[in-house]
Amino acid sequence: MKKHLLYGAVLTMASLTLLGCSSTKSAKNKKGAATAAAAKKPSKDKNAIKKYKDVITKEAKTDSGLFHVHKVKEDYFYEIPDTLFDREMLMVTRIAKTASGIGFGGGKQNTQVLRWQKKDKKVLLRVVSHQVVASDSLPVSEAVENSNFEPILYSFPIKAFNNDSTATVINVNPLFEKDVKALGFPANRRRNYKVTRLDASRSYIETLKSYPLNIEARHVKTYEAGEPPSNASTGSISLEMNNSMILLPKEQMRRRYFDQRVGWFARGQIDYGLDAQESKTVRYLDRWRLEVKDEDIAKFNRGELIEPKKQIVYYVDRATPEVWRPYIKQGIEDWQVAFEAAGFKNAIIAKDPPTIEEDPDWSPEDVRYSVVRYLASPIPNANGPHVSDPRSGEILESDINWYHNVMTLLRNWFFVQTAAINPDARGVAFKDEVMGRLIRFVSAHEVGHTLGLPHNMGSSVAYPVDKLRDAAFTQKYGTAPSIMDYARFNYVAQPGDDGVALMPNIGPYDKYAIMWGYKPILSVDTAEEEKEILDSWILEKAGDPMYRFGRQQFGVIDPSSQTEDLGDDAVKASNYGIMNLKRIVPNLIEWTAEHGKNYDDLQTMYGQVLGQYNRYMGHVSSNIGGVYEYYKTYDQEGAVYTHVATDRQEESMQFIQDQLFTTPEWLLDNNIFDKVQSAGSVERIRGTQVRTLNNMLDFGRMARLIENETINGDEAYGLLDMMIDLRQGIFSELSRGKKIDVYRRNLQRAYVDRMEYLMTEDQNIPGFARRFGGITSVNVSQSDIRPVVRAELNNLRRNARAAIGRTSDRMSRYHLQDLVERIDLILDPK
């Protein structure tokens with residue numbers, strides 16, 4: 001009986017167990033069904049990869065080009081072909097439209113190489129550097145790669161793949177709507193306006209356009225700013241940025257290596273693969289890819305002119321006024337003669353763009369087109385930037401920015417530099433053909449920059465000054481060997497010099513430089529093998545001033561590489577220039593007159609006269625303490641750096657004393673002053689004199705004078721020589737008890753103020769001067785500068801005390817007493 005009961009209990013337990021198993025299985029089935037049902041529902045994961053049609057919907061507007069660019073409502077998508085992943089692309093960031101006070105539209109802010117890379121479920125946008133390199137075949141390449149890791153600029157979740165899985169879709173709104181600093185306003189410029197953050201609510205994408213070789217992104221950025229340059233009440237600045245992403249060529253152009261003896265825009269790399277016991281930087285030219293067609297090689301080798309495989313073509317923007325288009329085109333095609341020296345004909349041509357009816361898709365933003373862009377801007381300027389492949393230096397495209405108000409600049413220069421001999425310049429509104437010729441001149445200059453040529457400020461001193469008065473010479477050679485100098489217009493020519501040229505053309509140096517940079521060298525296979533031939537071309541011209549390159553200086557040390565100068569003798573050229581200014585001043589009222597208008601133009605042109613006069617003072621005074629810089633290599637004899645000869649420095653000092661520090665009374669025309677100002681003539685002259693005085697009493701110049709005497713001994717024009725000559729000239733009245741007029745009193749006080757500065761201040765070298773050179777560094781407190789300044793102040797105090805009793809003019813006596821008090825405070829401030 002117990003057995004039966006026990007058996008029943010076991011059955012009961014078994015039944016309970018079976019019931020429990022059945023209940024668990026049922027629950028699992030329900031859970032599985034729920035999971036399956038959930039799987040059929042749309043995913044809520046925002047980063048999940050979706051079907052193509054669910055991302056690029058039927059309402060998408062698609063722009064096809066380098067990538068497909070899709071716009072779906074407010075979202076923008078890039079559809080990146082697999083073939084373009086890991087290809088290098090150049091991103092150029094410019095300000096397209098700017099708030100008042102922040103530069104100008106078209107200003108380049110950043111350039112960087114990028115690559116798109118697919119990794120797992122993301123697309124990475126990486127920044128590529130070409131500053132440090134080594135050949136892949138060398139062991140050191142691994143170390144270079146490890147030290148050159150590519151930073152990730154942005155990471156995008158993959159949204160979809162196209163229907164045949166050959167392209168990847170990403171949403172790019174965040175790249176342009178967020179504060180990605182590399183694509184927006186640069187950090188150094190944000191500091192100027194105390195920018196704190198991007199205001200996303202006032203920032204948006206304007207357009208994304210795709211072309212065969214590039215994508216153009218325009219986006220508006222609004223930044224909160226503590227010190228906006230305009231519209232301060234908004235507390236912000238808004239800019240429209242333009243990012244050009246350009247596919248770099250698969251096959252790189254052969255480089256041509258840089259040589260500082262020929263001026264060229266160049267870029268550099270540290271190449272660890274070189275057989276050198278140092279980290280060596282190699283530099284190579286920025287230049288267009290001009291190549292010989294296979295079928296023309298024989299002709300080229302025979303010296304026949306041939307057309308290149310691909311011409312350099314410039315389009316003149318539709319916005320350019322029709323009257324100026326022919327002149328801009330002429331300026332472009334003026335360079336054909338230079339390319340003929342390199343073996344090419346019709347290498348550079350100008351075209352009108354197609355009309356909207358002819359080609360509705362043509363756009364100046366398409367990287368396939370280089371365009372002269374006409375901008376309705378008050379900025380009196382033009383500039384010629386270019387975009388180049390950092391791997392090879394190949395120029396890919398260039399847009400010349402032509403600002404409407406550059407014509408005002410040209411008018412002012414042409415008037416003040418040529419009106420004395422040129423009736424066409426006597427007025428404030430030139431004939432179209434006169435302005436057109438000036439526009440052609442500037443067009444050619446800016447095109448030169450886009451071909452790779454920087455300013456050659458050493459060109460204009462090549463010609464003897466009196467040759468600039470020779471009609472036959474100037475008609476053949478222009479007024480300078482290079483149009484890339486700032487040799488504006490012929491201020492040397494005098495009345496009676498009929499037929500003389502008034503401006504430079506494409507000159508001997510320009511033809512030589514283009515030949516050197518562009519002529520194909522078909523007899524060798526590598527850039528390294530070109531070096532010997534390129535060097536031989538330089539040595540053929542060595543010593544001829546027509547073919548010399550002189551760099552642009554930011555603070556003049558070399559007086560033979562200055563802006564705005566002409567001829568080989570600054571004193572003679574400036575004397576000629578002043579003679580012409582003396583002819584202009586009495587005629588200013590007549591030459592600016594127009595019935596019914598006020599005297600604004602008269603005031604402007606008088607200011608231009610003062611500005612030109614001040615340039616002459618700078619051209620001459622830079623010879624004092626000047627050092628010539630003539631680039632050479634080991635196989636050339638002679639020094640690279642040479643101090644200006646003593647007689648030239650002494651002559652320059654005498655010029656400054658005669659033409660500037662002796663009151664220039666010819667500038668004091670009351671017929672002008674009573675029409676343009678209630679007061680200010682005294683201050684104008686003071687400012688002009690003080691500017692030159694302070695430049696002469698400059699720490700760097702004084703250091704060079706000390707060094708000159710140290711190297712060349714008593715024959716040198718040393719610091720003491722300059723200081724004695726300067727003091728005796730500025731205070732010449734003291735020895736004779738002569739009356740000192742208001743202009744001279746101001747100059748003498750300015751001298752004492754500057755001497756106080758030299759005694760109490762340290763040398764300040766601005767950032768741009770540290771970067772580009774142009775200031776001689778000196779430890780002032782440990783140099784001879786302050787002992788010499790102290791001695792000169794003591795000499796002046798003694799002379800001023802003695803002169804007080806000699807003068808009968810009361811104002812002169814008060815002035816001298818004041819000078820003595822000032823000097824006492826400098827030498828004994830306690």
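Each reported figure results from applying straightforward, stated rules to the coordinates on display, with no laboratory input. Bear in mind that the values here come from a model prediction, so they are computed numbers and not experimental data. FYI the Cβ positions are ideal-geometry reconstructions off the backbone, even for glycines, and counts take in every protein chain you see.
Okay, here's what the table says:
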| quantity | calculated |
| --- | --- |
| Range of Cα positions in segment 569-696 per principal axis (Å), largest first | 67, 27, 20 |
| Cut-off of 10 Å, at most 10 other beta carbons, DSSP loop: longest stretch of the chain lacking such GluC sites (Glu not before Pro) | 359-593 |
| Dipole-positive endmost among 263, 475, 759 within the chain (Cβ charges, Cα centre) | 759 |
| Selected from 331, 638, 55, residue furthest toward positive end of dipole (the chain; charges at beta carbon) | 55 |
| Segment 252-553, relative contact order [Cα under 8 Å, separation at least 6], % | 20 |
| Kirkwood-type radius of segment 495-557, with distances r between different C-alpha atoms, in Å | 14.8 |
| Solvent-free Debye scattering, log10 I(q)/I(0), computed from the Cα coordinates of segment 526-620 at q = 0.13 Å⁻¹ | -0.67 |
| Segment 428-488 versus segment 189-234: alpha-carbon centroid distance in Å | 39 |
| When each of 53/209; 73/108; 58/178; 97/194; 299/519; 73/122 is checked by Cα-Cα distance, pairs over 25 Å | 73/108; 58/178 |
| Label point distance in nm, residue 824-residue 640, each placed 7 Å from Cα along Cα→Cβ | 5.2 |
| Taking N as its residue count, the alpha carbon Rg of the chain over 2.2 N^0.38 Å | 1.26 |
| Positive-end extreme of charge dipole, segment 252-553 - chosen from 464, 341, 252 (charges on Cβ) | 464 |
| Gain on full stretching of the segment that runs from residue 358 to residue 647 - 0.36 nm per residue minus C-alpha separation | 97.4 nm |
| Cα centroid of segment 587-657 to Cα centroid of segment 380-413, whole Å | 26 |
| Compactness index (Cα Rg / 2.2 N^0.38 Å), segment 340-478 | 1.28 |
| Relative contact order of segment 718-830, pairs being alpha-carbon contacts under 8 Å that are 6 or more residues apart, as % | 35 |
| Rule-of-thumb Rg ratio for segment 61-247 [Cα; 2.2 N^0.38 Å; N residues] | 1.13 |
| Per-residue ³J(HN,Hα) for segment 202-212, Karplus 6.51 cos²θ - 1.76 cosθ + 1.60, θ = phi - 60°, Hz, x for Gly and Pro | 10, 10, 6, 7, 8, 8, 10, 10, 10, 10, x |
| Debye, to nearest 20: dipole size of the chain, +1 on Lys, Arg Cβ, -1 on Asp, Glu Cβ | 4760 |
| Principal axis dimensions, largest first and in whole angstrom, of segment 718-830 by Cα | 53, 30, 24 |
| Ellipticity estimate at 222 nm from DSSP helix runs (n ≥ 4, -39,500 (n - 2.57)) divided over the chain, nearest 500 | -11500 deg cm²/dmol |
| Square roots of 5 times each gyration tensor eigenvalue, C-alpha, segment 316-366, largest first, Å | 25, 14, 7 |
| Ellipsoid equivalent to segment 704-752 - semi-axes via the Cα gyration tensor, in Å | 29, 11, 5 |
